[in-house]
Amino acid sequence: MVSRHSLELAVPGLVVGALAGVMAGGLTLFAGQPGGATFLALPLALFGGLYGMLLGHGPFRPGTFAPAGLLWLPAFPLSRLAQESVAATGALADGVLPFLAYQAMVSLGFAIGFLWLHERLMPSWLLRVRARGHNPRADRLLAHYVRSASA
């Protein structure tokens, strides 16, 4: 069972992932492609939330690219595959493996953008969580951000 403390840490990643999926949907609609990109928002939001929880539990450190890159290396291609299986836009015409390989290359660029935006949202979110009540994981994570900012 996932605790309330962990779910509170997942919110910024959920927001960033959902926002990225919705933006991709808008761009593909603008380009005249089928509207399946909105299906990308859910898996990106779930993996983004997972990133926030892993950040709070300790395996990932704030501001470091390698953990985010390692998370998104499989997560982004799986998210795109889920989107493509629902939307069926024809991107799998060359096969699943070339599709996944290309998405894995794109995932590192996505990880950079995700990390940049997440690092902008997380500290202010942690201040709100701290003001609402006691969350020891959020307090530890906020202390790390404060130390980094003061250095």
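Miscellaneous remarks
- Restricting GLY56, GLY13, GLY49, GLY21 to those that are touching a Lys or Arg at 6+ places or on another chain (Cβ under 8 Å) and part of a helix (DSSP H, G or I) reduces the list to GLY56.
- Long-range neighbours under 6 Å by Cβ, at least six apart or interchain, first residue within 13 Å of LEU50 (Cβ to Cβ) and touching a residue at least 40 places away in the same chain (Cβ under 8 Å) within segment 14-26, second in a helix (DSSP H, G or I) and of a type in the set (Gly, Ala, Ser): VAL16/GLY48; GLY17/ALA45; GLY17/GLY48
- The number of residues in segment 83-105 being modelled with pLDDT of 90 or more and surrounded by 14 or more Cβ atoms within 10 Å (Cβ to Cβ) comes to 5.
- Contacts under 6 angstrom Cβ, first residue in segment 125-145 being within 16 Å of VAL11 (Cβ to Cβ) and surrounded by fewer than 11 Cβ atoms within 10 Å (Cβ to Cβ), partner among the polar types (S, T, N, Q) and at pLDDT 85 or above, 6 or more apart: none
- Residues in segment 77-96 that are of a type in the set (Gly, Ala, Ser) and either within 11 Å of THR38 (Cα to Cα) or not in a loop (DSSP other than H, G, I, E, B) (or both): SER79, ALA82, SER85, ALA87.
Each row is one residue, and each column tells you yes or no for (1) more than 22 Å from ALA143 (Cα to Cα); (2) small (Gly, Ala, Ser).
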| residue | (1), (2) |
| --- | --- |
| GLY58 | no, yes |
| PRO67 | no, no |
| PRO77 | yes, no |
| ALA111 | yes, yes |
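The values are calculated or read from the model by the stated rules, or taken from the named source; none is laboratory data. The shown structure was predicted, so the numbers you read here are calculated from the model rather than taken from an experiment. All Cβ positions, glycine included, derive from the backbone under ideal geometry; neighbour counts span all protein chains shown.
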